[in-house]
There are 2 protein chains.
Amino acid sequence: MTEFIPPGTQFVDLPSPFPMKRGDALHAARMAFETWGKLDSSRGNAILILTGLSPNAHAAANEGNPEAGWWEAMLGPGKPIDTDRWFVICVNTLGSCKGSTGPASIDPATGEQYRLAFPDLSIEDAARAAHAVIESLGIERLACVIGNSMGGMMALAYLALHPGRARSHINVSGSARALPFSIAIRSLQREAIRLDPNWNHGSYDDERYPDNGMRIARKLGVVTYRSAMEWDGRFGRVRLDSECREDDPFGLEFEVERYLAGHAQRFVRQFDPNCYLYLSRSMDWFDLAEYTDGDVMKALASIKLEKALSIGVRTDILFPLQQQEQIADGLRAGGAETEFAPLESPQGHDAFLVDFARFGPVISGFLARL
Amino acid sequence: MTEFIPPGTQFVDLPSPFPMKRGDALHAARMAFETWGKLDSSRGNAILILTGLSPNAHAAANEGNPEAGWWEAMLGPGKPIDTDRWFVICVNTLGSCKGSTGPASIDPATGEQYRLAFPDLSIEDAARAAHAVIESLGIERLACVIGNSMGGMMALAYLALHPGRARSHINVSGSARALPFSIAIRSLQREAIRLDPNWNHGSYDDERYPDNGMRIARKLGVVTYRSAMEWDGRFGRVRLDSECREDDPFGLEFEVERYLAGHAQRFVRQFDPNCYLYLSRSMDWFDLAEYTDGDVMKALASIKLEKALSIGVRTDILFPLQQQEQIADGLRAGGAETEFAPLESPQGHDAFLVDFARFGPVISGFLARL
């Protein structure tokens with residue numbers, strides 16, 4: 001398994017050793033990132049974007065890579081995150097396989113891929129690694145930390161671990177702690193990968209690769225990333241043209257099944273299975289309440305910001321709306337001028353990747369008032 | 001794989017051949033059922049219960065089997081379905097492995113288990129087979145057909161296929177057609193079973209048995225049968241006492257994972273995998289609108305009843321509440337005096353199996369007015 005590094009990616013070395021929250025340390029590790037816009041002379045116009053589980057650092061086209069990025073509609077000159085005004089940094093998460101060091105990277109101690117020898121990865125490690133990128137750019141204080149989904153967890157960890165280093169925060173479909181429904185879903189995804197004989201305790205290669213486990217994991221992911229309401233309108237009971245029933249009596253028959261199969265096919269060989277396991281588990285472990293005496297609200301209120309925006313979607317079953325409301329309530333209790341934006345997008349958890357008509361104005365409005 | 005037939009089960013032979021909706025026919029097939037109470041001289045006090053995917057016909061203790069049944073709290077003398085007044089029949093679904101003929105039964109043509117040679121199974125076949133049980137008991141007109149979950153689909157098929165044969169209907173967390181979210185979930189469950197090398201295109205035995213596929217399927221089922229809200233309160237982030245992390249770095253860690261594992265363990269060897277595949281697919285295929293020109297409401301309105309009750313649960317993600325509201329609206333449009341009961345149970349789709357405080361009074365009230 002190789003890493004998937006887009007052209008134009010920049011790198012910065014992490015301090016070595018880089019101690020990890022649950023013990024052990026990384027040596028000679030690096031972080032991948034990309035930037036847009038120009039850092040102004042006061043270094044006060046920097047925005048950090050922390051991503052969901054699978055994206056790379058290429059959030060949008062830039063000089064190093066003119067290809068469209070995963071948040072192309074949101075980021076660029078004149079767009080909601082306006083790169084004429086802001087200097088934007090997007091970081092590939094520590095533990096991922098898209099440039100930053102992770103289980104698919106070479107362990108300098110052995111010259112082989114880490115695989116399961118990679119130390120236990122926590123959301124907090126990923127947040128500290130992202131901060132190392134910001135430090136390397138000489139940025140003392142971020143104008144805003146934006147975190148989507150898993151990135152919303154990382155952003156809260158970032159703010160808790162680095163007080164005073166950000167003026168504001170936008171939390172997009174994030175959560176201050178993992179709850180049992182999402183833990184159950186992720187546990188099941190990991191189990192499907194681990195049960196695949198080709199996973200082989202992490203020692204797979206391109207010939208013997210856990211395609212089946214990754215396919216189940218991804219399909220289950222997509223089911224929980226979208227919403228029943230969206231699919232009723234989008235797929236209904238539409239059947240595929242050719243059923244091919246004779247060869248495979250339980251094979252694909254409905255359009256929604258083909259949609260899932262297509263998503264899985266695009267993912268299975270584009271994301272390293274061990275990295276997936278590590279990142280998935282890091283979300284289950286995350287609980288901001290660890291920074292107080294188990295009280296999430298108190299932990300959120302201990303984060304000091306000028307302004308905050310928490311956005312959620314009513315149809316999100318994976319990071320349900322009450323989790324974004326909790327973030328808003330907690331940050332407001334900490335003194336931040338806070339806006340809570342519950343959106344009516346039908347697309348569920350993934351709405352921030354598609355429903356730009358709703359997300360764009362909320363984010364651009366917040367940044368305009370900054 | 002053997003069948004799982006509780007003691008005291010009664011049997012009735014199906015007409016032979018018994019033609020199936022999608023072609024082919026069963027020969028020398030039989031139906032398993034149990035009864036409670038006494039049929040009165042006018043034969044007017046009979047209630048038929050059609051079950052969800054996995055239950056047997058043993059809904060409650062009776063003379064043949066004093067063990068508690070799967071709906072013990074709902075059914076018996078003085079209970080919401082009062083067997084002092086009603087003669088109650090519960091049928092094991094055609095295609096199941098708990099007494100009625102299904103893919104795990106012996107094919108008389110070969111002397112071997114049907115396995116994948118079992119004909120395509122539709123909800124309508126199961127409804128017609130249940131009707132054969134009612135005919136064999138000399139019951140001309142049922143006082144009520146009660147259907148839970150998949151049984152709610154079967155009940156609607158029963159009513160559509162046998163006009164005038166029931167006075168009333170209670171639909172519990174059912175649906176008039178499968179929608180894409182639930183199709184996606186079931187498709188994924190079937191894929192997990194089919195991917196297990198031990199499934200072996202349906203030719204497994206006790207030594208080589210698709211435990212892994214069945215475990216994933218069942219866990220995913222349980223995730224969709226309950227609700228995030230219930231689990232937040234029930235499990236929160238409680239961890240298991242002993243983590244045993246060294247042996248299995250991605251093993252069970254949270255209480256919710258152990259809960260799922262326990263459910264799976266109780267199911268995997270107690271339900272035949274091929275039967276599971278057939279019953280699961282029959283739900284995806286079900287669309288009451290086939291009986292009109294594709295209009296579900298028209299199909300529901302063509303069902304003629306004196307009274308109807310449709311019960312749903314707000315936290316149900318698998319058969320969402322709007323589906324039970326649709327059933328109520330459609331049956332009302334057909335002239336039935338109809339009650340729609342949206343319940344606030346936190347337990348999701350499975351609430352009817354546990355939340356007797358809410359379900360009991362609604363059902364007993366309806367039956368009292370019959």
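What's the Cα-based Rg to Rh of region B:221-293, Rh via Kirkwood? Write down the numbers at each step before the final one.
Numbers: Rg = 17.9 Å, Rh = 15.5 Å.
Computed over Cα atoms, the ratio is 1.16.
Taking only the Cα atoms of region A:104-202, how large is their convex hull per residue, in Å³?
121 Å³
Over all residues in A:228-237, what is the mean tally of Cβ atoms on other chains that come within 10 Å of each residue's Cβ?
What the average comes to for A:228-237 is 5.
Out of the DSSP beta bridges found with both residues in the protein assembly as shown, what percent are antiparallel (nearest 5)?
Details: 30 of 86 bridges.
The antiparallel proportion sits near 35 percent.
Using the Kirkwood formula on the Cα atoms of chain A, what hydrodynamic radius do you get, in angstrom to one decimal?
Mean inverse Cα-Cα distance, inverted, gives 21.0 Å.
Considering the convex hull of the alpha carbon atoms of region A:196-241, report its projected area averaged over all viewing directions, in nm², one decimal. Intermediate results must be reported in sequence, preceding the final value.
Values: hull surface 19.8 nm².
Mean projected area for region A:196-241: 4.9 nm², to one decimal.
For each of B:131, A:349, A:263, count neighbouring Cβ atoms within 10 Å of the residue's Cβ, then give the residues from fewest to most.
With the sparsest Cβ surroundings first, the list reads A:263, B:131, A:349.
Could you line up A:84, B:125 from fewest to most neighbouring Cβ atoms inside 10 Å?
Sorted ascending by nearby Cβ count, the order is A:84, B:125.
Can you list, shortest first and in nm, the gaps between the label point of residue B:4 and those of its counterparts in the other copies, using a point 7 Å from Cα in the C-beta direction?
Those separations, rounded to one decimal, come out as 4.0 nm.
Across the residues of B:172-184, average count of Cβ atoms on other protein chains within 10 Å?
Per residue, the number of nearby Cβ atoms from other chains is 5 on average.
Find the eigenvalues of the gyration tensor of the Cα atoms of region A:50-123, then list the square roots of 5 times those eigenvalues as equivalent ellipsoid semi-axes, largest first, in whole angstrom.
Those come to 31, 12, 9 Å.
Taking every DSSP beta bridge with both residues inside chain A, roughly what % is antiparallel (nearest 5)?
Of those bridges, close to 35 percent are antiparallel.
If contacts are Cα pairs under 8 angstrom and at least 6 residues apart, what is the relative contact order of region A:183-277 in percent?
The value is 31 percent.
Rounded to a whole number, what is D in µm²/s for the protein assembly as shown from Stokes-Einstein with the Kirkwood radius over alpha-carbon pairs (10 °C, 1.306 mPa s)?
58 µm²/s
Determine which aspartates and glutamates satisfy two conditions relative to residue B:298: a Cα distance under 15 Å, and not lying fewer than 8 residues away in the same chain.
B:287, B:290, B:325, B:329
Enumerate by residue number the GluC sites (Glu not before Pro) in region B:277-331 meeting two conditions: DSSP loop (anything except H, G, I, E, B), and at most 16 other Cβ atoms within 10 Å of the site's Cβ. Could the numbers behind the result be given before it?
Values: sites: B:290, B:306, B:325; in loops: B:306.
Sites meeting the loop and neighbour criteria: B:306.
Cα convex hull of region B:253-366: mean projected area in nm², to one decimal?
Averaged projected hull area, Cα only: 9.3 nm².
Starting from 0 in steps of 5 Å, tell me what percent of the Cα-Cα pairs of region A:183-277 lands in each bin.
2, 13, 20, 20, 18, 14, 9, 3, 0
Would you mind ranking B:18, A:319, B:11 so that the residue whose beta carbon has the fewest other beta carbons within 10 Å leads the list?
B:11, B:18, A:319
Which of A:254, A:340, A:356 moves the most in a Gaussian network model of chain A with Cα springs under 10 Å?
Per the Cα network of chain A with a 10 Å cutoff, A:254 tops the list.
Over chain A, what is the relative contact order in whole percent, taking alpha-carbon pairs under 8 Å and six or more residues apart?
Computed over chain A, the figure is 17 percent.
Would you list which lysines come within 18 Å of residue B:38, measuring only between C-alpha atoms, while excluding same-chain residues fewer than 8 positions from it?
Those lysines meeting the cut-off are B:79.
Hand me the trypsin sites (Lys or Arg not before Pro) from region A:44-148 located in a DSSP loop with no more than 15 other Cβ atoms within 10 Å, in residue order please.
Of the trypsin sites (Lys or Arg not before Pro), the ones in loops of region A:44-148 whose Cβ has at most 15 other Cβ atoms within 10 Å are A:141.
Between copies, how close do the residue A:292 label points come, placed 7 Å along Cα→Cβ, listed in nm from shortest?
With the label placed 7 Å along Cα→Cβ, residue A:292 yields 5.4 nm.
Need one value for A:190-201: mean number of C-beta atoms belonging to other chains within 10 Å of its residues' C-beta atoms. Numbers along the way, then the final one.
Values: counts 3, 12, 9, 1, 5, 8, 2, 2, 0, 0, 0, 3.
Taking all residues of A:190-201 together, the mean is 4.
Looking only at Cα atoms, what is the convex hull volume of region A:1-158 per residue, in Å³? Walk me through the numbers on the way to the answer.
Numbers: hull volume 16.5 nm³, N = 158.
Dividing the Cα hull volume of region A:1-158 by its residue count gives 104 Å³.
Counting pairwise Cα distances across region B:190-338, what percent come out greater than 26 angstrom?
Result: 49 percent of Cα pairs exceed 26 Å.
Rule-based calculations on the coordinates, nothing more; no lab input. As the structure is a prediction and not an experimental result, all values here were calculated from the model. Heads up, the Cβs are rebuilt from the backbone with ideal geometry, glycines too, and the neighbour counts pull from every protein chain shown.
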